[in-house]
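Heads up, the thing below is written out as structure tokens.
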Amino acid sequence: MSAPPRKWLMDRITGDSKYGDRERPSGPCCWVPPMVGWCPGLLEENGCCKMIGQMGAYSDEGSRFYLMHLGFMLNLISMLLIAFACLALSDDFDILSKASFGKLTLSDEVGDLAAGTVMHVGLRSVSLSKDDVGIMVINFDQFCEVDGFDAFVNNSDCDSCQSMAPNFAISTMLAAVLVLPALFINVSRLYSGYDVNCSKFYSGVLSLACVGLALNTMITYKILCGDKFYQGVVPFGVDGDAFPQKESFYVNYDWQWGWGIIFLIAGVVLKLFELLINCCIPTPSITRERKEQDTYEQIQDWDD
């Protein structure tokens with residue numbers, strides 16, 4: 001069997017597609033990547049890409065126009081939300097106070113020992129403010145060394161957040177970065193003359209990877225860092241040890257989710273909606289039908 005005609009594909013790579021009304025994205029970064037032309041059998045014409053490409057219920061141009069514009073906006077907003085969550089990696093007091101993943105407010109059940117104590121927990125450090133001490137930033141790797149930090153977390157868990165800090169940083173930053181190529185794919189899929197099976201397939205892969213990385217950050221953060229801090233009413237002894245045999249006073253630890261993780265969750269939700277939109281729009285039939293590809297070859301000859 002002879003190789004399938006591929007001028008239709010090569011024209012989408014060079015920006016010369018004559019499919020449909022011949023409109024094209026304004027920038028080459030939104031055309032089909034050259035690597036698809038190097039290995040079309042592997043990257044474009046394999047059974048998996050074709051199967052994913054033909055899935056969808058909205059094949060008309062009007063639906064493509066409105067849905068892909070919506071998908072682009074969802075992707076853009078999602079990227080901004082996840083980028084905001086990345087600010088929780090900062091060790092600046094003001095930034096941490098606004099973009100933290102958790103906020104811990106202390107209040108004393110007896111007396112005013114913990115009055116005015118507020119801690120914002122980020123992805124690499126915490127910002128601490130207390131009426132009688134002032135403000136400070138403490139990195140995760142200092143938890144076991146700072147005097148008095150056992151008032152916030154048990155000594156046996158003082159290194160838990162630090163052990164996961166690289167995971168938090170890599171996962172969150174990669175989740176934000178992976179949205180960028182998806183934006184270019186959104187633009188290319190706006191134009192039926194530049195939409196191909198691999199664009200739809202890899203857009204879905206990027207979305208799933210982004211969601212997976214963000215979920216990894218959220219789940220590991222909650223289980224292996226956030227939950228290690230004292231929460232609720234905690235008894236203390238006269239020497240300041242938590243959960244003593246003889247209780248002297250109680251401190252209430254009120255944990256609230258910070259804007260960083262709230263924005264990250266919102267970004268993930270938008271990515272899931274964008275993934276659904278991507279699945280709803282099938283690729284043009286020429287990407288799968290040999291007869292249409294042969295017809296396109298003749299159109300090319302006429303134009304030449």
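When the accessible area of the chain is split by element with a 1.4 Å probe, what percent falls to carbon and sulfur?
62 percent
Show me, for the range 237-250, the HN-Hα J-couplings you get by feeding each phi into the Karplus relation (A = 6.51, B = -1.76, C = 1.60, θ = phi - 60°), rounded to Hz, glycine and proline as x.
Taking θ as phi minus 60°, the curve returns x, 5, 8, x, 7, 7, 6, x, 5, 10, 7, 10, 8, 10 Hz for the range 237-250.
Using modelled amide H (1.01 Å from N, peptide plane; none on Pro or chain starts), what sits under 5 Å from the amide H of residue 225, excluding residues fewer than 5 places away?
Distant-sequence amide H within range of residue 225: zero hits.
Which residues make up the longest stretch of the chain clear of GluC sites (Glu not before Pro) that lie in a DSSP loop with no more than 15 other Cβ atoms within 10 Å, not counting the sites?
Looking at the chain, 146-246 is the longest stretch - no exposed GluC sites (Glu not before Pro) with at most 15 other Cβ atoms within 10 Å.
How large are Rg and Dmax for the range 5-163 when only the alpha carbon atoms are used, in Å?
26.8, 82
Taking the chain as a Gaussian network, Cα atoms linked when under 10 Å apart, which of 121, 196, 153 shows the biggest mean-square fluctuation?
Looking only at 121, 196, 153, the largest GNM fluctuation is found for 153.
Just to confirm the number: angle between the C-alpha axis of helix 160-177 and the first principal axis of the chain, 0 to 90 degrees, nearest 10?
Compared with the principal axis, the helix lies near 30 degrees.
7 Å from Cα along Cα→Cβ at both residue 35 and residue 77: what's the point-to-point distance in nm?
A separation of 3.1 nm, rounded to one decimal place.
Tell me the relative contact order for the range 101-257 as a rounded percent, counting alpha carbon contacts under 8 Å between residues six or more apart.
Result for the range 101-257 is 27 percent.
Could you state the accessible area per residue of the chain in Å², with a 1.4 Å probe and every protein chain left in place?
49 Å²
What's the FRET efficiency of residue 26 with residue 220 using the Cβ-Cβ distance as r and R₀ = 41 Å, to the nearest 0.05?
E between residue 26 and residue 220, to the nearest 0.05, is 0.50.
In the chain, which cysteines lack any other cysteine Cβ under 4.7 Å from their own?
So far as the 4.7 Å Cβ criterion goes, 29, 30, 39, 48, 49, 86, 198, 210, 279, 280 stand without a partner in the chain.
Just round it to a whole percent: the fraction of Cα-Cα distances in the chain exceeding 37 Å.
It works out to 37 percent of all Cα pairs.
Helix-only mean residue ellipticity at 222 nm, the chain, DSSP H runs n ≥ 4 weighted -39,500 (n - 2.57), per residue, nearest 500. What is it?
Calculated from helices alone, the mean residue ellipticity at 222 nm is -16000 deg cm²/dmol.
Connecting C-alpha atoms closer than 10 Å in a GNM of the chain, tell me which of 281, 219, 261 has the biggest fluctuation.
Most flexible of the set in this elastic network: 219.
Residue by residue through the range 27-44, what is 3J(HN,Hα) from phi via Karplus (6.51 cos²θ - 1.76 cosθ + 1.60, θ = phi - 60°)? Round to whole Hz and write x for glycine and proline.
For the range 27-44, the Karplus curve yields x, x, 5, 9, 7, 5, x, x, 4, 5, x, 6, 9, x, x, 7, 9, 10 Hz.
In the chain, with Lys and Arg counted as +1 and Asp and Glu as -1 at Cβ, which of these residues, 78, 129, 57, has the Cα nearest the positive end of the dipole, that is, farthest along it?
It is 57, whose Cα lies furthest towards the positive end.
Can you tally the lysine pairs in the chain where the Cα-Cα distance is under 24 Å and the two residues are eight or more apart, or on different chains?
22
Measure off 7 Å from each Cα along the Cα-to-Cβ vector at residue 142 and residue 93, then give the distance between these two points in nanometres to one decimal.
1.2 nm
The values are calculated or read from the model by the stated rules, or taken from the named source; none is laboratory data. Owing to the predicted nature of the structure, the values given are computational and were not obtained by experimental measurement. Quick reminder, even Gly has a Cβ in these numbers, built from the backbone with ideal geometry, and neighbours come from all protein chains shown. With ligands, DNA and RNA removed, areas are computed over all heavy atoms of the protein, side chains included. Shrake-Rupley method; radii C 1.70, N 1.55, O 1.52, S 1.80 Å.
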